[in-house]
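Inspection log for the structure reproduced underneath, given as C-alpha cells.
The values are calculated or read from the model by the stated rules, or taken from the named source; none is laboratory data. Nothing here was measured: the structure is a model prediction, and the numbers come from that model. Cβ atoms come from the backbone with ideal geometry, glycine included; neighbour counts cover every protein chain shown.
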Amino acid sequence: MLRGLYTAAAGMIAEQRKHDIITNNIGNLNTPGFKQGNAVARSFPEMLIARIRGGQQDGGAPVSLGRINTGVLAEENVSLHAQGDLEETQNPFDFALISNIQVPGATFDASGKYIDANGNRVFQPQALFTVRNAQGEQRYSLNGKFSVDVAGNLVNGDGLQVLGTGGQPIRLVDAGGQPIRNFKVTATGEFLDGDGRPLVDANGQRVGLLISRADDPNALVREGNGLFYVRPEDAATVTPIRQGDQVQVRQGYIERSNVDPQQSMVDIMTALRAYEANQKVIQYYDKSMEKAVNEIGRV
C-alpha cells in the first residue's frame, strides 16, 4: 500500500525542483546573457518484480511478475542556449555576441539541436566571453556589461578581468598609463583607438577580446553570477573561435535574457498544480493508514 506513497513523494520532490528552476529563470529576466534553465524529468529505473517462492509447477523457483516503476526524478537542469534579443545601450563598455556557428552536415532547430539519421544528437556550438577569476581560472560568460577598474583593466560586473586574444587581461590605457575612453571594437573583437588605429599592448600585440567556442554547450556548468566553467574532462570542448566561425561582437549592446516570461508563468502554475495533486495523494494514504490502525485494528 505504501508504494503509491513513495511515488507521490517522489513527484512532489521533482515538482519542487522544477519550481525552483523556473523561479530562478523569472528572477533573471533582466540579467544580461542569462540562459533559461529547463528541468529534465525521468522515471526511476524500473525494477523487476518476482515471486520469491514459485508454485508447485515451477518447483519453488522464483517466478517473474514483470516490471514496476517507483516514481519520477528531476534529473538535471539543462540550459537553453538560444540567442537572446539585443538591447542597445550606447555604452562603449557594453558588448554582445551574435553567434551562429555551423557544423557541417547539421541543420539546427530553434533550440540549437540536430538529430541525424542514426539518432545521434549534435548541439550547436556557442560563443562566450572569457574572464579570469581570483584563482586564475578561466570562466565563460555571455554578460558583456563591462567596465574599467582603477588599473585600466577591462572587468565584468564582479571585477573579474576580461581576457584578450593572448590569454592576458585587456588593459585600456595609453602610453602615459591613463585610461582610454574613446575607442571602438570591431565585429571580430579587435580594439581601435579614436583614430581607428589598432590598440596594442606592452608587447606590441594587437588588443582583442578572447571569444571562446563551446562545442558542447551542455558541458558548461553554471557557477553563479552569470559564469560557466567546464570540468577537466571536458576542457577540450572549449577553444578559441576558429577562422570562419559566424560570430560577431556588437559594441554598445547587451544580450538580453532568453527567458520567456509568459511560458515561465504557465510552467510555474503547472508545477504548483502537480505538486498539490501529489500532496493530496499522500494525504489520502495517510487517512487510509489511520483507518487501518485506529478502526480496523480494533475489530
Out of Asn225, Asn278, Asn203, which single residue is over 29 Å from Asn120 (Cα atoms), not aromatic (Phe, Trp, Tyr) and not assigned by TED's automatic domain parsing to the domain that holds Asn120?
Asn278
Region 65-98: number of residues that are over 20 Å from Gln124 (Cα atoms) and not aromatic (Phe, Trp, Tyr):
18
Under 7 Å between Cβ atoms, at least 6 apart or on separate chains: pull out the pairs that start in region 272-292 with a residue that is aliphatic (A, V, I, L, M) and end on any residue that is modelled with pLDDT of 90 or more.
Leu272/His19; Ala274/Glu15
Please work out if Leu29 is at pLDDT below 90 and touching a Ser or Thr at 6+ places or on another chain (Cβ under 8 Å).
no
Assess whether Val259 counts as being outside any strand (DSSP E or B) and surrounded by 16 or more Cβ atoms within 10 Å (Cβ to Cβ).
yes
Please specify each residue of region 262-274 satisfying the condition of being among the hydroxyl-bearing types (Ser, Thr, Tyr) and surrounded by fewer than 17 Cβ atoms within 10 Å (Cβ to Cβ).
Thr270
Please tell me if Arg197 is loosely packed, with under 15 Cβ neighbours inside 10 Å, among the basic types (Lys, Arg) and either assigned by TED's automatic domain parsing to the domain that holds Asn218 or closer than 21 Å to Asp245 by Cα (or both).
yes
Going through Asn258, Asn278, Asn218 one at a time, which residue ends up being in contact with a Gly (Cβ under 9 Å, 6 or more places away or on another chain) and within 26 Å of Lys145 (Cα to Cα)?
Asn258
Pairs where the first residue, in region 92-109, is surrounded by fewer than 18 Cβ atoms within 10 Å (Cβ to Cβ) and the second is in a strand (DSSP E or B) and of a type in the set (D, E, K, R), C-beta under 7 Å, 6+ apart
Ile98/Arg250
Candidates Ala202, Ala277, Ala292 - the one that is surrounded by fewer than 19 Cβ atoms within 10 Å (Cβ to Cβ), assigned to a loop (DSSP other than H, G, I, E, B) and aliphatic (A, V, I, L, M)
Ala202
For region 165-191, which residues satisfy the criterion of being surrounded by 14 or more Cβ atoms within 10 Å (Cβ to Cβ) and touching a Gly at 6+ places or on another chain (Cβ under 6 Å)?
Thr165, Ile170, Arg171, Leu172, Val173, Pro179, Gly189, Glu190
Would you pick out the residues in region 229-249 that are in contact with a Lys or Arg (Cβ under 8 Å, 6 or more places away or on another chain) and in a loop (DSSP other than H, G, I, E, B)?
Ile241, Arg242, Asp245
The condition of being closer than 24 Å to Lys18 by Cα and modelled with pLDDT of 90 or more holds, among Gln251, Gln262, only for Gln262
Identify all residues within region 205-228 that are buried (at least 16 other Cβ atoms within 10 Å of the Cβ), outside any helix (DSSP H, G or I) and without any contact (Cβ under 8 Å) to a residue 60 or more places away in the chain; write none if there are none.
Val207, Gly208
